[in-house]
Amino acid sequence: MKLNSEIYKYISKTFLFSTGIIIVLFASIIFIGDSVEFGKKLSSNEKVSTTLILILSSLNLPKMLLEILPFCFFFSGMLWVIKVSNTKELIVMRATGLTIRKITLPIFLVSIILGLVFILVFSPLISATQKKILSIEADVLGKPINSILVTNSGFWVKQGNIEGNDMIYAKSLDSKTMQFNDVIVFKFNKEYEVKKKIKAESSELYENYWLLKNTEVINYMGEVSVIPKIKIPTSITKSQIKEGFASPDSLSLWTLIPFIKMFESAGFSAKKHRYHLYKLFSFPFLLAAMALLGVSFNLNNFARKKTNLLLLIGIITGFFIFYITKIINALSLAGKMPLLFGSMLPIILPLFLAIALIIHADER
């Protein structure tokens, strides 16, 4: 039977409908939970309104939804089987000569396609929304924004302070001693006007400050003064520099690859970012594996009244896979297993279990 046949189109449409219901349900739960969490976190700030809390919750929704999307597809698969079992459609499909493997094939392919769409759409969207959250926190809550940019010409570090922002440029950086060389510091006020420019031979990062050596200070009037050493307060730590400041979630798929390349060429470890990149590439197959696993739970008993028990088992299995995935992530980032293998293992486990259950259902 061809993939463009009416029955395969029907399977795809009904699975898409089940997926839409589950995603809307989970998105609603996440939105309510985030609103409560932001409300508790920001309750002491008088500047925070209910509207702002709802805006922050909405901006954080794409990131949270992408994290639990595999489990949405797992429950979508279970919901689809319950629907077609209750209406006896699954019995009719099998009576036409379709095997379980052929019935689940369009679900597998649709999940992969949806996974590609989610990655292409959600990755840039999450990057934009996370940056917007940081911007709101800086403007409304007064939280300083710290960021680092690695380019072919050198390093750019932005740090917030009470008076405004500092933009620090260094031509080179010793990754072992954390010493910046050929440094230029631009000090901005809150209106983003340059108030002072500092040139330094080198700069070292200590616990609460940058120590600039052999400096030349140029104020907004153009007056130049030479000072042997200058301390600039900072909340930045050496570990943050080594990790590259930018959270993997805040970088889109298109900017993640060049960031990793430049950051590693500078002598730093981009393990978190590389692992996140592997997970993005494998994400469509993870959705497909979880959808198949959800479908496979009810297949062996579609003619029996065991739906409630199997639903409970499915929910327990979903949470078990969730915690196993967290453990695999921690082991991968800790260097206990290869990053690529760690990104593929959450796919292999549910996929093999689903295939085993589907083959068993076909043989009955």
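The values are calculated or read from the model by the stated rules, or taken from the named source; none is laboratory data. Quick caveat: nothing in here was measured; it's all calculated off a predicted structure. A quick note on method: Cβ atoms are made from the backbone with ideal geometry, for glycine too, and the neighbour counts reach across all protein chains shown.
Taking the conditions exactly as written (surrounded by fewer than 14 Cβ atoms within 10 Å (Cβ to Cβ), farther than 25 Å from PHE122 by Cβ and modelled with pLDDT of 75 or more), does LYS305 satisfy them or not? Taking the combined requirement at face value, the residue does not satisfy it.
Of the residues SER28, SER43, only one is outside any helix (DSSP H, G or I), within 29 Å of the chain's Cα centre (by Cα) and without any contact (Cβ under 8 Å) to a residue 40 or more places away in the chain; which? Walk me through it before giving the result.
On the way: SER28 fails: outside any helix (DSSP H, G or I).
None of the other options fit; the residue is SER43.
If the condition is being over 17 Å from SER282 (Cβ atoms) and outside any helix (DSSP H, G or I), then the range 324-364 contributes ALA334, GLY335, LYS336, ARG364. Screening ASP174 with (1) touching a residue at least 12 places away in the same chain (Cβ under 8 Å); (2) within 32 Å of the chain's Cα centre (by Cα) gives one miss only, at (1).
Determine which member of the set ILE103, ILE133, ILE107 is of a type in the set (A, V, I, L, M) and modelled with pLDDT under 85. Quick ask: steps written out before the conclusion?
Working: ILE103 fails: modelled with pLDDT under 85; ILE107 fails: modelled with pLDDT under 85.
On inspection, the qualifying residue turns out to be ILE133.
Restricting the range 213-236 to residues that are of a type outside the set (A, V, I, L, M) and touching a residue at least 24 places away in the same chain (Cβ under 8 Å), which is surrounded by the most Cβ atoms within 10 Å (Cβ to Cβ)?
THR234
Per the listing SER18, SER12, SER76, the residue uniquely under 27 Å from PRO350 (Cβ atoms), assigned to a helix (DSSP H, G or I) and touching a Phe, Trp or Tyr at 6+ places or on another chain (Cβ under 6 Å) is SER18.
Restrict the check to the range 91-104 and report whether at least one residue is surrounded by 13 or more Cβ atoms within 10 Å (Cβ to Cβ) and under 19 Å from the mean Cα position of the chain (by Cα). No - not one qualifying residue is present in the range 91-104.
So, restricting to strands (runs of 3 or more DSSP E) that lie completely within the range 183-288, which ones have at least 3 residues that are outside the structural domain of VAL117 (by TED's automatic domain parsing), more than 30 Å from LEU16 (Cβ to Cβ) and among the β-branched types (Val, Ile, Thr)?
Working: elements: 194-205, 209-219, 224-233.
Strands (runs of 3 or more DSSP E) meeting the threshold: 209-219, 224-233.
Just for the range 158-182: of the residues that are part of a loop (DSSP other than H, G, I, E, B) and polar (S, T, N, Q), which one is farthest from PRO233 (Cα to Cα)?
Kept after step one, since they are part of a loop (DSSP other than H, G, I, E, B), are these residues of the range 158-182: 161-163, 175-178.
Subset that is polar (S, T, N, Q): 161, 175, 177.
Numbers: ASN161: 8, SER175: 21, THR177: 19 Å.
The qualifying residue farthest from PRO233 (Cα to Cα) is SER175.
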